[in-house]
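Step one of this worksheet: look at the structure below.
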Amino acid sequence: MWKTRGLRGSAFEEMIDLTNRLYTQKGLAIIQKVPTPITPIAVDNKARIITHAYFEKKSTVDFIGVAQGVAICFDAKETRQLRLPLRNIHAHQLEFMENFRKQNGVSFLLVNFATKNEIFLLPSENLAQFDKSIPYSEFDRKLIVPNEGGFPVHYLVAINAYLADRD
C-alpha cells in the first residue's frame with residue numbers, strides 16, 4: 001500500500017466531498033477536489049493499485065470552484081492540538097490563495113479541531129499575522145462551520161458570515 005502523511009485528514013476531506021456533492025445536487029455550488037499530480041513508478045496490476053509514486057509538482061489547494069457566483073478555493077486542515085501548526089501550509093499555497101483573492105475570489109482554510117469537534121473557516125488573509133501556529137482561541141466564532149441541513153461541513157454558512165463582515 002502506498003503510504004503518505006498527506007492522507008491524514010482523509011475522513012475530513014470525505015465529509016467535505018459529500019457536502020460538495022450535496023451542494024451540486026441542490027444547485028448551491030460546484031466545488032471540485034483538485035487532484036494531486038503524481039507519477040506512478042510501480043503498479044500492482046492484479047490489485048489495480050499504485051504501490052510506489054512521486055509527486056510531479058507542488059499542489060495548490062485541495063478544493064476549487066464557484067458558489068452562487070463567488071469563486072472559492074480552499075485547503076482542508078485537521079489538527080488534534082488546540083492550535084493549527086502552520087508547517088504544512090506551504091509558501092506556494094499561500095501565494096496561490098493570495099493571487100486568487102486578488103482576482104476577487106474567496107480563499108480560505110477549513111480547519112477541523114478534531115478534539116473539539118469544531119470546524120472553522122479561516123480566511124487566507126489572516127494567515128500572514130501568525131508565525132508557527134494559530135491558537136484555537138484566535139479562531140473567529142462567527143466563522144464556525146456547522147453540520148446542519150444535511151450538510152456535514154456546511155461551509156457556505158461560514159462564507160456568508162465572512163462576506164457579510166468583509167463588506
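The values are calculated or read from the model by the stated rules, or taken from the named source; none is laboratory data. Note that this is a predicted model, so its numbers are computed, not measured. Counting neighbours? That spans all protein chains shown, and the Cβs are built from the backbone with ideal geometry, glycine included. Only protein heavy atoms, including side chains, enter the accessible area calculation; ligands, DNA and RNA are left aside. Shrake-Rupley method; radii C 1.70, N 1.55, O 1.52, S 1.80 Å.
Of everything in the stretch 78-112 that is within 13 Å of the chain's Cα centre (by Cα) and surrounded by fewer than 20 Cβ atoms within 10 Å (Cβ to Cβ), the residue that is nearest to ASP165 (Cα to Cα) is LEU94.
Scanning the stretch 41-64 for residues that are modelled with pLDDT under 65 and either touching a Gly at 6+ places or on another chain (Cβ under 6 Å) or aromatic (Phe, Trp, Tyr) (or both), we see that the one that is nearest to GLU95 (Cα to Cα) is PHE55.
All told, VAL34 meets the bar of being at pLDDT below 95, within 23 Å of GLN93 (Cα to Cα) and not basic (Lys, Arg).
One residue is enough: does the stretch 123-137 have a residue meeting the conditions over 22 Å from SER10 (Cα atoms), at pLDDT 95 or above, surrounded by 14 or more Cβ atoms within 10 Å (Cβ to Cβ) and of a type in the set (Val, Ile, Thr)? Taking every residue of the stretch 123-137 in turn, none turns out to be over 22 Å from SER10 (Cα atoms), at pLDDT 95 or above, surrounded by 14 or more Cβ atoms within 10 Å (Cβ to Cβ) and of a type in the set (Val, Ile, Thr).
Checking the stated criteria, LYS46 turns out not to satisfy the condition of being in contact (Cβ under 8 Å) with a residue 40 or more places away in the chain, open to solvent by 30 Å² or more (accessible area, probe 1.4 Å) and of a type in the set (Lys, Arg). Looking at VAL145, VAL66, VAL70, just one residue is in contact with a His (Cβ under 9 Å, 6 or more places away or on another chain) and within 18 Å of ILE31 (Cβ to Cβ), and that residue is VAL145. Here is a check on your reading of the model: is ALA67 open to solvent by less than 40 Å² (accessible area, probe 1.4 Å), of a type in the set (A, V, I, L, M) and modelled with pLDDT of 95 or more? Considered against the rule, which asks whether it is open to solvent by less than 40 Å² (accessible area, probe 1.4 Å), of a type in the set (A, V, I, L, M) and modelled with pLDDT of 95 or more, ALA67 comes out as yes.
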